[in-house]
Amino acid sequence: MSDASRVFRRRPKICKKSFLTLINKGNNFAGGGNESRTTHREKRVVPFTPEHVYSVVGDVKKYEEFVPWCVGSKIVRGPVKVGSNNGSPMNHVKLEAELAIGFNLMSEKYISHVAMYPNKSIRAISRDTSVFDKLLTEWKFKPGEKPDTCEIQFFIDFKFSNPLYERVSAIFFDEVVKEMVGAFEKRCAYTQK
């Protein structure tokens, strides 16, 4: 386990005012400047079925157990089965999840709106939160060329709400984002036992 991973696994101390709340309440410490938007795209084949990978990525309430920087995860609304427009049976599932990310002693919660298309894709969007102006995460799953393999396409696009928070987290965030698919792959191996 890397030093950065150990830092991310620590549970933050709970305080009444969060780091971002203190900064956003008129404290000019953050300074100005343009906030950047960051994206990461990754494609890989893993030795699991698309159904198994989908079940791991879709088990949002367990994210706090293995996703880098995630220190809390729970479903706050749903899941709700949604039919297609042509009257056929269930097309996808919608839910809202509250996720908490933590950096050492800082932690922030945000709501993620999730649409899950069984064994095909999962898309999560968060907007205008104390953490992110925008966070879009997309997972696509399809059978690999070999039996019992899955081709994963992972995409993340995010923009922090606060320039200081962006600067502080930029030290680790690239590493964490790049390790995200690996964390899910390890979880697939763990849950398949």
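The values are calculated or read from the model by the stated rules, or taken from the named source; none is laboratory data. The structure presented is a predicted model; accordingly, all values stated were derived computationally and were not measured. All Cβ positions, glycine included, derive from the backbone under ideal geometry; neighbour counts span all protein chains shown. Accessible surface is based on the protein model in full, side chains and every heavy atom, while ligands, DNA and RNA are left aside. Shrake-Rupley method; radii C 1.70, N 1.55, O 1.52, S 1.80 Å.
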- Query: How far is it, in nm, from the label point at Asp59 to the one at Val76 when both lie 7 Å from their Cα along the line to the Cβ?
  - Reply: 2.4 nm
- Residue-ordered couplings for segment 70-82, obtained by feeding phi - 60° into the Karplus form 6.51 cos²θ - 1.76 cosθ + 1.60 and rounding to whole Hz (Gly and Pro as x), are 7, 10, x, 7, 8, 7, 10, 8, x, x, 10, 7, 10
- Item | By accessible area with a 1.4 Å probe, ligands and nucleic acids excluded, highest first: order of Ile156, Ile125 | Ile125, Ile156
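Which FRET efficiency, nearest 0.05, do Lys146 and Glu42 yield, Cβ-Cβ r, R0 22 Å?
Details: r = 19 Å, r/R0 = 0.89.
FRET efficiency, Lys146 to Glu42: 0.70.
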- Task: At 7 Å along the Cα-to-beta-carbon direction for both Glu175 and Arg127, put a label point, then send me their distance in nm to one decimal.
- Result: 3.4 nm
- Note on the structure: Expressed in nanometres to one decimal, the distance between label points 7 Å along Cα→Cβ at Lys120 and Phe66 is 2.5 nm
- Message: Quick check on my link table: of Lys61/Lys109; Lys109/Lys186; Lys94/Lys120, which ones sit more than 20 Å apart, alpha carbon to alpha carbon?
- Response: Lys109/Lys186
- Task: Could you order peptides 60-71, 144-155, 180-191 by the average number of other Cβ atoms within 10 Å of their residues, highest first?
- Result: 60-71, 180-191, 144-155
